Amino acid sequence: MAWLQSAPWTAGLAATALLCAGAASASTLVIGGGAAKDCSIAAINGRSDRASVTTCTLALETETLSFRDRARTYVNRGVLQMRQRDYVRAVSDFDAASQIDPNLGEAFVNRGAAYVGTKRYGEGLTQIDRGLALGVKDPQKAFYNRAIAHENLGDVTAAYRDYSKAAELDPDWDAPKKELTRFTVKRP
């Protein structure tokens, strides 16, 4: 039987990684043109500026969007707000997206990421798990955020598994690999 140990500076480093612009937030693509598409591109490209949030708001207030594109635009605006560390508005947008499309996994995993960002780790786990069950475009980000939550709740083994899964799903992403270097696997 093996046991895992992580470096003691785990929580601070993990929280910092989460809060970096675009570190582990998922966005969703909106098909079509106009402000909703510009909002989507801003979220996908890792932007966090106020002008991008304003573009999303413009899309929601003035464009005729399908229910799916409206839900996705709420997710994208929430992602942008989360990058600005405006977690209250971000969660409000993820809630709006879930009300429109209760099967949109990105709304759940991003709400979970926002909860992790505010140290509500248990609630974050619940939301991330639900989003993963529904399916998401970038599951590696969900596993990464779930690892942060597990680690801060003291479940080092689950954290290690989730960081490993994130690294496996996106071998070019350095963040989970960096986190894994802090772990030591010891066998009796």
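What to note about this one:
- Scope segment 45-59; condition surrounded by 18 or more Cβ atoms within 10 Å (Cβ to Cβ) and either in a helix (DSSP H, G or I) or in contact with a Cys (Cβ under 6 Å, 6 or more places away or on another chain) (or both); matching residues: Ser52, Val53, Thr55, Cys56, Ala59
- For segment 70-96, residues that are under 11 Å from Ser48 (Cβ atoms), assigned to a helix (DSSP H, G or I) and free of Cβ contacts under 8 Å to residues at least 60 places away in the same chain total 4.
- The condition (being under 27 Å from Arg146 (Cα atoms), out of contact with any Lys or Arg (no Cβ under 8 Å at 6 or more places or on another chain) and either modelled with pLDDT of 90 or more or surrounded by fewer than 23 Cβ atoms within 10 Å (Cβ to Cβ) (or both)) is satisfied by just one residue among Ala35, Ala23: Ala23.
- Test: Thr73 is crowded, with 24+ Cβ neighbours inside 10 Å, farther than 27 Å from Arg120 by Cβ and in contact with a helix residue (DSSP H, G or I) (Cβ under 8 Å, 6 or more places away or on another chain): no
- Asp93 buried (at least 16 other Cβ atoms within 10 Å of the Cβ), closer than 19 Å to Val79 by Cβ, under 17 Å from the mean Cα position of the chain (by Cα) and at pLDDT below 95: no
- Residue satisfying all of: in segment 134-188; surrounded by fewer than 24 Cβ atoms within 10 Å (Cβ to Cβ) and among the polar types (S, T, N, Q); farthest from Asn110 (Cα to Cα) among these: Thr184
- Checking each residue in segment 45-67 for being among the basic types (Lys, Arg) and more than 16 Å from Asn110 (Cβ to Cβ) picks out only Arg50.
- Those residues of segment 97-109 which are closer than 13 Å to Ala71 by Cα and either without any contact (Cβ under 8 Å) to a residue 60 or more places away in the chain or part of a helix (DSSP H, G or I) (or both), in sequence order: Ala97, Ser98, Gln99, Ile100, Asp101, Pro102, Asn103, Gly105, Glu106, Ala107, Phe108
The values are calculated or read from the model by the stated rules, or taken from the named source; none is laboratory data. All values reported here derive from a predicted model rather than from experimental measurement. Cβ atoms come from the backbone with ideal geometry, glycine included; neighbour counts cover every protein chain shown.
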